[in-house]
Every structure is written in structure tokens, then in C-alpha cells.
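Novice: This is the structure I want to talk about, given as C-alpha cells.
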């Protein structure tokens, strides 16, 4: 029997780094998988070691999602690219009104990337997967030459099963529905910006990156006729609501006073000239449901550890299909327009 | 209603290029998705435009796979990164003994990448998906700064349903089994190498990149007790068989005379000092099945357009678990060892 550990000296997890052989499909690739990924992600399906995984039947409608993660920097207050990748994909599945079950993960590694950091990221992914109750069942690793990536890019795909019989998506918002969000806006984006090299402000802002599937289950139990679930990631609350308004061909009227923005996030946004409604979140959800179920949905969110600051922030209207308006703190009204230009690149 | 085409001038598919706004989640992102991806990939699930897709139940065991594609160059004789991505993922699902149904796709785009090339790649993906009978149901797009990727990286994930009741994977090879391959070795790898900038030979070698799910169905019908299916991609036939021998704790004895290598591939390999058994394939499959079903499997492969050159190339043994030996053309025997060092980076 071949001793696959014989060359493991080259895989010094403390001082070693990724080289081109780790992506070439030979012994070095297998060793990297064994020493880093298989160690952290171990489960009955992954451990088979095939190029794919064979899972039990899914007898309810199947929800799938995928997400590429190119966040810079890789480590930030409140999380890292690994936590972001797993939570982001879990959330995309959950926002289909589904229970996430499985994750696939592909790594694109830059030659020279420290193995210690890769190990740390893999551990973070494993912990977030455990927190969300999902298994990382199969994966792939590629390596590109130094300079042709930025450390590591992580692409995850998620698979889950529908929680409710009704279809939940961005086309289902109806005039009269209530619009809720589960907490404060802009935390993730400002946490990332605060630690970019060219930024000069110091704050205590932490990313909100977290798996939301538990809260989705609670909301759907409390408000079973929910029409739309969505996590306001890139583009923030404003872009996400505009997308839903467009897809459902409805208008929306928001109440600025009801939208929570942490003082330190607001201060940082003002400093940088950003609108927190356009800043990404990675652990918040939008719920759009009939008015008569709005209080139940709100209570369910507030009872969840990730939803203490949940609020009803507006109403779906039949005015101006595809547009979002807001009653401002000053009592006026303004359009909350599309994000026309790039605000924050590589925020997730 | 917002006119989402109003800014489409910036999306000139002939002369335009990717910029950072296309990955920022705002209007530019939506326009890119509409003008390129939604146009080519259109189907009932993708068209919903959610961050995930909701699909019908899968009542048989579910096969999933994922693959990152970083091939260089992006366009090569016989294919491109788009065809490679779809075929590669279809094949990984098929090699679980499953029928591929759905694909998810994430793009990591380099700022400045020509939209015309992106459009061409998306079209190629759509055509390959059609050829394989799978739907591209959801996706994600990220953009990184110029220099931090190599044009485009594509990560695909595949979902399918098991074709047979028996479990097919690399741990199931048994002493006495026949080993078959569906055609000539090394075509993809040598096609890629032949068009790298620093290569000086000219050949007519084309990549074999193709979806193999049709042939898998035919083989499993003819040889229902098949133990292992695998496509010998990175690391080629040699690395793949070593991996299976290790996982199943069996030996293998191959017959070099039975392994087809095209003359032009052999010539190019000799020129570069490469062993074709270590060179990647993207449209070939290994079948390991009981001897009594080997002829039926062989006939099924040869009857398929992609399997004209199929052959029985060896036997699974109980000697030297985890090792692969070969009877050479000269009548001797040699070990077919692990690929210890990188042969061909970024071949897929």
C-alpha cells in the first residue's frame, strides 16, 4: 500500500505555502486535500473521496444557489472569506424558503498563499457549516500563478429542500404587503472598508456575516404566507428592494425612521460619503408578507438571536411599479434609486 | 417602470469590456446578467431571477459535483473554457452513476475582459448544456481588478439523480474486474499545450472536451453492475487509476498495447518529454466492471459517437493494494506511479 504521507513534509501547515503542484491533480493535490480540507470538512459523503457526492433523495422542491467570493481583505472584523462563503450560500438557499442541507466548495488559490491561512479559512468554513447545520459534501481546488488571484477565491454552491408549499421569490410581492428587515443596515460593508489598507478611520464595526437559515424557519412558521425573502448583500437594502420592486412590478414606500443603522456605521458612512442603504449586509434578511402576518413575522425575528433589531420598515404599494420611495427623517419623500455606479468593489 | 435598458450603451457587446461596476450588484450587474447570461442560458428556473433557483423534487439519490476552471488559454482547438466548464461538471455528476439535470455557474471576471469574448463563452456554455440536456439554473458574477485574474475563471456545480440502485465510486473496484477506457488518451492536455504562447510545435490535436452523460447511461444499461466510473482529467489515466487503486485497496495490471494514443499526441508528448498516461482528458471515461459484463460495456461504448476507440485495457488484481502496474509494449512490466510533481498547470 502506498504511503500517502511520505511527502507530507512539503505540507508544513505552519510555514508552507501553496505551489502549482497542489492544483495539478497528482499526489500533492491529494495531500493538500487530506491535510487541510478533508480534516476540517469530514462527513460521510465527502469522505468517499469521489469527484462528486451521492446524497439521499430530496422529496421536496430543491433549492440551489451559488456564489463566488472575492472579498478583500480575506480576514476582517467579525469574520473571514470562509465564514462569508458558507453563510452567503446558506442564506441564498434559505431565501428560496428552503432548508439548506449541503454545500459544495471550489478554491482558486494563488501560488505562494500561506498554508496556515488556508487552514484557518477551512476551519472557519467548517465551523460556520456546523453552525448552519449543513455538510460540505464535495469540492475542487485549482492553483494559479502568483499574481493571477488575490490569495484565495472561494466559490460555494448550496442545495436545500423547500420548507413551505408556496413559492417564495422576488416576483411575489403584492400591494399592501409589509416590508420587514431583521436588523441594522451596512455592518458588513463598513467592516470591510474599515480594514482596507487605504482607509484611515478606526472603528469597532464588525461584519454581521452569519447563516440565517434558523431565522428563516422561524419566520415561515410564524408567517406561512410570506411572499418574498431576500438577504440585502451587494448593493445593500436599496438595490435589493429595487430589484424586488422591478420583478414584482410594484412600488414600495419605506419609513427611514424605522430603518436601524448603528451609530458607528452611520458615522463611517458619513465620513466616506456613503449611503448605508447601499452598503452590503451578510447576516440580515428582508421579509415581505401580508400585513396580517407582519407582527407574527416580526416577533419571530426578534425572538431569534440574529433578529433583536428587526423592524417593519415599509409597505408594498401599487404606485410607480419598479420604484422605491422613502419618507425621510425630515418628513419629506425621496426616491431610493438604483445603484448606478460602483460603490464598494469586492465586498463579498 | 424603470427602463433597465437606458444605460445599455455601456454594454456594447462588440467593443465593450468588463468593469468593476459589473460585479457590484447594482444596475450594471443586472444589465450584464440580462444582456449576456440570461440571454444565452434562458430557462424556466433561471428566468425567475432570484439569488437561487427552486427546482422539482429529486426522488432518487442526488449526485452533486463542483469544479473550478482556470484553463489557459481560454480558447483552444476543440473548445473553450465555457465548454470545458459545463462538460467537466456534467461528467463529474455522470461519474457518480447519475443523470445530470442542473448546473450552477459562478464567473470571476477580470476588469477589462472583452464583453465579446464573455458573450462567446456564455454561448458555448449554453450549447454544451443543450448537448448534455442540462439547464443552467442559477449563477453569480464577481469582478476583480485588472491583473488579479486571468480573463475569466468559471466555477460550475452540477446536480443530478442516480441512474442505478447500486453505489458507484472509487472504493468499489474488486479484484477480477475489467478496466475499460472509452478512447484515446491525452488529447485535451496536448491541445492546450500546443497553443500556449511558449510552445513552438504546431499540431492538429483537438481537445476531446465533451459531455459523457449519454455514454454513461448506455454503459449502465449494458453493464448494470459497474463498480467504478471516472473521467481521467487532471493527472490523466495514471493518476486517476492510482487514486482508485488506493481507495479500493486493490492492484491494477494494465496492457500498454490496448491503450490508444493518437500518433500526433504521442509525437507531441515525445517532443515535450511527457507521458500521455499523465496527460488530462476531458471527454473520456474509465469503466471498472465485472469481467462478465465487460464485453457488453465495451459494445455500448463503441456504439456511442464518443466511444469509437473504447478498449479493455486491464484487470483489477489483489496484488500490491494501491499500486498500478503495466505490461509494456516491449513485454516487460513497469509501475505506473503517482504523479509526484506538477506536469501541466492550468490544464482545466
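Novice: Can you tell me the length gained on complete extension of the stretch residue A:299 to residue A:14, counting 0.36 nm per residue apart and subtracting the Cα distance? Mind showing how you got there, number by number?
Specialist: Details: separation 285, 0.36 × 285 = 102.60 nm, distance 4.70 nm.
That pair, residue A:299 and residue A:14, stretches by 97.9 nm at full extension.
Novice: Which value results for Rg/Rh of region B:113-244 when Rg is the Cα radius of gyration and Rh the Kirkwood radius based on the inverse mean 1/r?
Specialist: On the way: Rg = 18.4 Å, Rh = 18.3 Å.
With Rh from the inverse mean 1/r over Cα pairs, Rg/Rh is 1.01.
Novice: Something else: How large are Rg and Dmax for region A:214-301 when calculated on the C-alpha trace, in angstrom?
Specialist: Both quantities, over Cα of region A:214-301: 14.0, 41 Å.
Novice: What ranking do A:107, A:76, A:271 get, fewest neighbouring Cβ atoms within 10 angstrom at the top?
Specialist: A:271, A:76, A:107
Novice: To the nearest 10 degrees, how steep is helix B:291-302 against the longest Cα principal axis of chain B, on a 0 to 90 scale?
Specialist: Taking Cα atoms only, the helix is inclined about 40 degrees.
Novice: Next up: Mind jotting down the distance between the C-alpha centroids of region B:11-46 and region B:258-290, whole Å?
Specialist: 39
Novice: Mind checking the angle between helix A:81-94 and chain A's longest principal axis? C-alpha axes, 0 to 90 degrees, to the nearest 10.
Specialist: 50
Novice: Distances from residue B:271 to the same position in the other copies: list them in nm, one decimal, shortest first, using label points 7 Å from Cα along Cα→Cβ.
Specialist: Label-point distances to the other copies, shortest first: 6.0 nm.
Novice: Continuing with this model, one more query. With a cut-off of 8 Å between alpha carbons and a minimum separation of six or more residues, what is the relative contact order of region B:4-162 in percent?
Specialist: With pairs under 8 Å counted, the relative contact order is 37 percent.
Novice: With N denoting the number of residues in region B:4-162, provide Rg(C-alpha) divided by 2.2 N^0.38 Å, to two decimal places.
Specialist: Here the answer is 1.02, to two decimals.
Novice: Here's another thing I want to ask about it. Can I get the semi-axes of region A:81-153's equivalent ellipsoid? Compute them from the C-alpha gyration tensor as square roots of 5 times the eigenvalues, in angstrom, largest first.
Specialist: Taking √(5λ) for each Cα gyration eigenvalue gives 25, 12, 10 Å.
Novice: Relative to the present Cα-Cα distance, how much length would full extension add between residue A:257 and residue A:204 at 0.36 nm per residue of separation?
Specialist: Length difference between fully extended and current span is 16.7 nm.
Novice: Could I ask something else about it? Mind listing the label-point distances from residue A:34 to the same position on all other copies, shortest first, one decimal in nm, points 7 Å along Cα→Cβ?
Specialist: 5.3
Novice: Beyond 35 Å, what share of the Cα-Cα pairs of the protein assembly as shown is found? Please give it as a whole percent.
Specialist: 41
Novice: If you don't mind, another one. Sorted from shortest, what are the nm distances separating the label point of residue A:291 from equivalent points in the other copies, each placed 7 Å from Cα along Cα to C-beta?
Specialist: In ascending order, 7.9 nm.
Novice: How long are the three semi-axes of the equivalent ellipsoid of chain B, in whole Å, if each is the root of 5 times an eigenvalue of the C-alpha gyration tensor, listed from largest down?
Specialist: With the √(5λ) rule applied to chain B, the semi-axes are 38, 24, 15 Å.
Novice: Expected output is a single nm value to one decimal: the length gained when fully extending between residue A:145 and residue A:249, i.e. 0.36 nm times separation in residues minus the C-alpha distance. What is it?
Specialist: Length gained between residue A:145 and residue A:249: 32.8 nm.
Novice: Right, here's the next one. Could you tell me the calculated FRET efficiency between residue B:175 and residue B:266, based on Cβ-Cβ distance and R0 = 30 angstrom, to the nearest 0.05?
Specialist: 0.45
Novice: Right, next: What spacing in nm lies between the two simple spin-label points modelled at residue B:43 and residue B:330, each 7 Å away from Cα in the Cβ direction?
Specialist: Calculated label separation equals 5.1 nm.
Novice: Continuing with this model, one more query. Please report A:269, A:66, B:348 as a ranked list, fewest other C-beta atoms within 10 angstrom at the top and most at the bottom.
Specialist: Details: A:269 21, A:66 29, B:348 26.
Lowest count first: A:269, B:348, A:66.
Novice: For the protein assembly as shown, what does the helix formula give at 222 nm: sum of -39500 (n - 2.57) over DSSP H segments with n ≥ 4, over the residue count, nearest 500 deg cm²/dmol?
Specialist: Numbers: 16 runs with 179 residues, N = 696.
Helix contribution divided over all residues of the protein assembly as shown: -8000 deg cm²/dmol.
Novice: Could I ask something else about it? Taking chain A as a Gaussian network, Cα atoms linked when under 10 Å apart, which of A:277, A:212, A:13 shows the biggest mean-square fluctuation?
Specialist: Per the Cα network of chain A with a 10 Å cutoff, A:13 tops the list.
Novice: Rounded to the nearest 5, what % of DSSP beta bridges with both residues in chain A are antiparallel?
Specialist: 75
Novice: Please report the base-10 log of the normalised intensity I(q)/I(0) for region A:178-335, using a Debye sum with one equal scatterer per alpha carbon and no solvent, at each q in 0.11, 0.13 (1/Å).
Specialist: -0.42, -0.58
Novice: Neighbouring Cβ atoms within 10 Å as the yardstick, rank B:180, A:237, B:11 fewest first.
Specialist: Numbers: B:180 25, A:237 28, B:11 16.
Result, fewest neighbours first: B:11, B:180, A:237.
Novice: Could you state the angle between the C-alpha long axis of helix A:236-248 and the longest principal axis of the C-alpha atoms of chain A, as a value from 0 to 90 degrees rounded to the nearest 10?
Specialist: 70
Every read-out reported here was derived from the displayed coordinates using simple, explicitly stated rules and does not represent laboratory data. Keep in mind it's a predicted model, so treat the numbers as computed, not measured. Glycine also receives a Cβ, built like all others from the backbone with ideal geometry; neighbour counts cover every protein chain displayed.
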